[in-house]
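Let me begin by presenting the structure, written as structure tokens, before commenting on it.
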Amino acid sequence: MNRLAHESSPYLRQHASNPVDWYAWGETAFAAARERDVPLLLSIGYSTCHWCHVMAHESFEDAEVAAYMNANFVNIKLDREERPDIDGVYMSAVQAMTGAGGWPMTVFALPSGEPFYAGTYFPPRDMQGMPSFRRVLGSVVKAWQSDRGKLLGNAAALTAHVREAAQVVSEPSPLPADFLEQGLDGLRRSFDARHGGFGRAPKFPAPTTLMFLLTQPGGRQMALATLTMMGRGGLYDQLGGGFHRYSVDEKWLVPHFEKMLYDNAQLARTLLAAYQVSQDADVLRLARETLGYLEREMLSAEGGFYSAQDADQQGIEGQFFVWTPGELDELLGEDAELVKAFYGVTPEGNFADPHHPEFGRRSVLSVIQEPQVLAAELGVDEAEFKLKLEHARQALFQARTQRPLPGTDDKVLTSWNGLALAAFADAARITGEAHYLEIARRNAAFVSDRLRDPDGGLLHTFGGGQARVRGLTEDQALYGLGLVALYQAGGDLKHLYWARELWQRCVADHWDEDAGLFYSAGGPAETLIARQAQAFDSAVLSDNAAAALLGLWMSRYFSDDSEGERLARRTVQTFQAQMLAAPSGFGGLWQVATFLSAPHTEIALLGTLEERAPLEAELRRHFLPFTTLAFAETGGGLDVLESRGGAGVAYVCINRACDLPTSDVSTFRTQLERLEHQDV
């Protein structure tokens, strides 16, 4: 066992038995490199990364390769999810050198951390257009020993490039009147009208962009069509609920099988919003099943949500999720033919792991046709067919629990837990089901107890019984947004006040007034070779979008916080050129721009839970993404509740002009319908 055995990251512990003498990131490794006068080899990945596992098996478990690495490098293994700030810096170097990025990331650097060569996956043997890992190692060692000046020059040039790329040069200017329409037009141009989604394969879910589209009457059909097609495809786990990471094809059929907390939390919330827009029961089903998956497989006993589940089982990609016709015949008997037709299970299959041809071709389950259409084609009763499908689904789900289970990365990341908190809080508010609210409250209690920093912020990660890594912008902002959603669902003011504390931490530690943006790391954080600001939504709502949205909510709830709206507007102005150049990459900031353009709408419901119940039931039916919501038994504590009272009374206001308070559900419905046209 090497020194990674005692790390809190499951990804690092996966490499504890490697013959490589791995170090964790830190001064100990840098000092060792300086003392030995050898370069750093930095390997970055994450626990559910398929190609990270492949490279580990091919190279890091090879005794001869490991011996060469140990003799000539100080080797550092880094979990990108624990340190996204470090990952972002070195990913910039990889992209500069190769024109692309990804994981595993392989970086060679000076003992001071400046990179001089970088790539991603390197195979064990030379392949077309790709040198072997051993060849790369040998070339670096040779250059270090005989041509170090060239490497020092490479390091200086690459570091300068990384620093320059991290600088955002923008002259703040007012947003054009048709700014939102320009963004919407850009998305229309890249929309796949046949299959949903944007661009070509591989396709990613892009929940932040879908949420923006739901706020635009002219974009809703694109969002709804995409969510429907994703839910029919193999990207969605048809048996257990939840979404895989991305689709390798344009039809959402064959996924990369890892499941991430951030995808499922964001998509569940997007589906809930889509249900409010469409009142489509099937959309709500997808949301419920996704939340059910998170509760069943990703929720710890303490209330924190785990990070991810692996794509591989026993080294075979997707083994847990795919089927053969024979397996269905054995499990389902005479119903097998119906189920095979419904889910597209064929002898030819649609998936194979190229590294394990002995596993054969198998089928990822997807919905080929709607049940009523297929029932008519097969000449069977629709109700009976649906009943058979449900029984078959349960039987297949139970059968696969006997297979080797996907590995779960059980570290708890504060930022991603904020996404899950928001999803469960929204589920409670939109469905009225207390069970979802209880999960959300438990999560807030867990994070408060385990991840709160003594100076008021949040730490980044919890694992092995300890919290560590100073919180980043994403932690304060995304968890703050989750707390806003929790307040809107449960009405406990302590959650809203906690969100304001996190917003204040975002501003104090991360805002740069000269640049007009939020940096990812701040405060007394360690010094890296560059300081980055994230505005592009990679897979998660970006730091700048999350912070700007949180600031807007704070300015709406607290009249003494005028900075929130100002900083949000400045942030969009800073990145407006990038947003127009690549609209699908900035869904979060497009949401901010929409919020900024929306009128100040607010709803206060006064009275006991029982007295408010009819009004809350009506409110659930309406999509009001930028409306300030407040619920209380008595007035006070917030501007929106000040000098207000009543037993089961609704107050509806637009730009601080209020309708007469009402207890009548029909009158309230009319007010909400008018508000819906104002809010988006």
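Things worth noting here:
- Subset of the stretch 404-427 [open to solvent by less than 10 Å² (accessible area, probe 1.4 Å), assigned to a helix (DSSP H, G or I) and aliphatic (A, V, I, L, M)]: Ala420, Leu421, Ala422, Ala423, Ala425, Ala427
- Checked against the criterion of being within 19 Å of the chain's Cα centre (by Cα) and open to solvent by less than 20 Å² (accessible area, probe 1.4 Å), the stretch 488-511 contains not a single residue that satisfies it.
- Enumeration of residues in the stretch 55-86 that are free of Cβ contacts under 8 Å to residues at least 24 places away in the same chain and either crowded, with 19+ Cβ neighbours inside 10 Å or not hydrophobic (A, V, I, L, M, F, W, C) (or both): Glu64
- Considering the conditions (1) surrounded by 24 or more Cβ atoms within 10 Å (Cβ to Cβ); (2) within 24 Å of Ala598 (Cβ to Cβ), Met260 is excluded by exactly one of them, (2).
- Just one of (1) under 24 Å from Leu413 (Cβ atoms); (2) part of a strand (DSSP E or B) fails for Tyr11. It is (2).
- Restricting attention to the stretch 108-138, the residues being open to solvent by less than 70 Å² (accessible area, probe 1.4 Å) and assigned to a helix (DSSP H, G or I) number 4.
For (1) modelled with pLDDT under 95; (2) within 30 Å of Trp553 (Cα to Cα); (3) in contact with a Lys or Arg (Cβ under 8 Å, 6 or more places away or on another chain); (4) not aromatic (Phe, Trp, Tyr), each residue gets a yes or a no:
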site	(1), (2), (3), (4)
Ala395	no, no, no, yes
Pro404	yes, no, no, yes
Leu413	no, yes, no, yes
Ala422	no, yes, yes, yes
Asp426	no, yes, yes, yes
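- Any chance Leu624 is in contact with a strand residue (DSSP E or B) (Cβ under 8 Å, 6 or more places away or on another chain), closer than 25 Å to Trp503 by Cα and outside any strand (DSSP E or B): yes
- Residue count for the stretch 208-241 under the criterion of being open to solvent by 10 Å² or more (accessible area, probe 1.4 Å), polar (S, T, N, Q) and in contact (Cβ under 8 Å) with a residue 60 or more places away in the chain: the result is 3.
- Condition met for Glu602 (among the acidic types (Asp, Glu) and farther than 26 Å from Asp560 by Cα): no
- Pairing residues of the stretch 36-48 that are over 13 Å from Phe60 (Cα atoms) and open to solvent by 10 Å² or more (accessible area, probe 1.4 Å) with residues that are hydroxyl-bearing (Ser, Thr, Tyr) and not in a strand (DSSP E or B), at Cβ distances under 6 Å and at least 6 apart in sequence or on separate chains, gives Tyr46/Tyr11.
- Out of Ala617, Ala521, Ala535, sole residue that is surrounded by 18 or more Cβ atoms within 10 Å (Cβ to Cβ) and either touching a Ser or Thr at 6+ places or on another chain (Cβ under 7 Å) or modelled with pLDDT of 95 or more (or both): Ala535
- Selection within the stretch 636-680 - in a strand (DSSP E or B) and open to solvent by less than 60 Å² (accessible area, probe 1.4 Å): Val649, Ala650, Tyr651, Val652, Cys653, Ile654, Thr662
- Test: Ala336 is open to solvent by 20 Å² or more (accessible area, probe 1.4 Å), farther than 30 Å from Asp449 by Cβ and assigned to a helix (DSSP H, G or I): no
- Across the stretch 431-445, the number of residues qualifying as touching a residue at least 60 places away in the same chain (Cβ under 8 Å), assigned to a helix (DSSP H, G or I), open to solvent by 10 Å² or more (accessible area, probe 1.4 Å) and of a type outside the set (Lys, Arg) comes to 3.
- Residue tally, condition touching a strand residue (DSSP E or B) at 6+ places or on another chain (Cβ under 7 Å) and not aliphatic (A, V, I, L, M), over the stretch 238-288: 15
- Residue within the stretch 631-650 that is under 20 Å from Tyr487 (Cα atoms), in contact (Cβ under 8 Å) with a residue 24 or more places away in the chain and touching a His at 6+ places or on another chain (Cβ under 9 Å) present: no
- Extreme residue, surrounded by the most Cβ atoms within 10 Å (Cβ to Cβ), among residues of the stretch 278-311 that are charged (D, E, K, R), over 20 Å from the mean Cα position of the chain (by Cα) and not in a helix (DSSP H, G or I): Asp280
- Taking each residue of the stretch 191-207 that is surrounded by fewer than 24 Cβ atoms within 10 Å (Cβ to Cβ) and looking for partners that are part of a loop (DSSP other than H, G, I, E, B) with beta-carbon atoms closer than 6 Å, six or more apart or interchain, yields His195/Glu250; His195/Lys251; Arg200/Glu250; Ala201/Asp249; Ala201/Glu250; Pro202/Val248.
- Helices (runs of 4 or more DSSP H) enclosed by the stretch 540-613 - at least 1 residues per element that are open to solvent by 30 Å² or more (accessible area, probe 1.4 Å): 563-581, 587-597
- Count of residues meeting criterion [within 20 Å of Gln309 (Cα to Cα) and buried (at least 20 other Cβ atoms within 10 Å of the Cβ)] in the stretch 92-104: 2
- Of all the residues in the stretch 312-328, those that are polar (S, T, N, Q) and either assigned to a helix (DSSP H, G or I) or free of Cβ contacts under 8 Å to residues at least 24 places away in the same chain (or both) number 0.
- Filtering the stretch 561-603 to residues that are without any contact (Cβ under 8 Å) to a residue 12 or more places away in the chain and under 27 Å from Cys658 (Cα atoms) leaves Ser562, Arg566.
- If you go through the stretch 145-183 and pick out every residue that is part of a helix (DSSP H, G or I), free of Cβ contacts under 8 Å to residues at least 60 places away in the same chain, among the small types (Gly, Ala, Ser) and open to solvent by 50 Å² or more (accessible area, probe 1.4 Å), you end up with 5.
- Residue check, Val89 open to solvent by less than 20 Å² (accessible area, probe 1.4 Å), within 30 Å of Ser542 (Cβ to Cβ) and not basic (Lys, Arg): yes
The values are calculated or read from the model by the stated rules, or taken from the named source; none is laboratory data. Note that the structure is a prediction, hence the values are computed from the model and not measured. Here the Cβ is made from the backbone with ideal geometry for all residues, glycine too, and neighbour counts use every protein chain on show. Just so you know, the surface numbers come from the protein's heavy atoms only, side chains and all, with ligands and any DNA or RNA stripped out. Shrake-Rupley method; radii C 1.70, N 1.55, O 1.52, S 1.80 Å.
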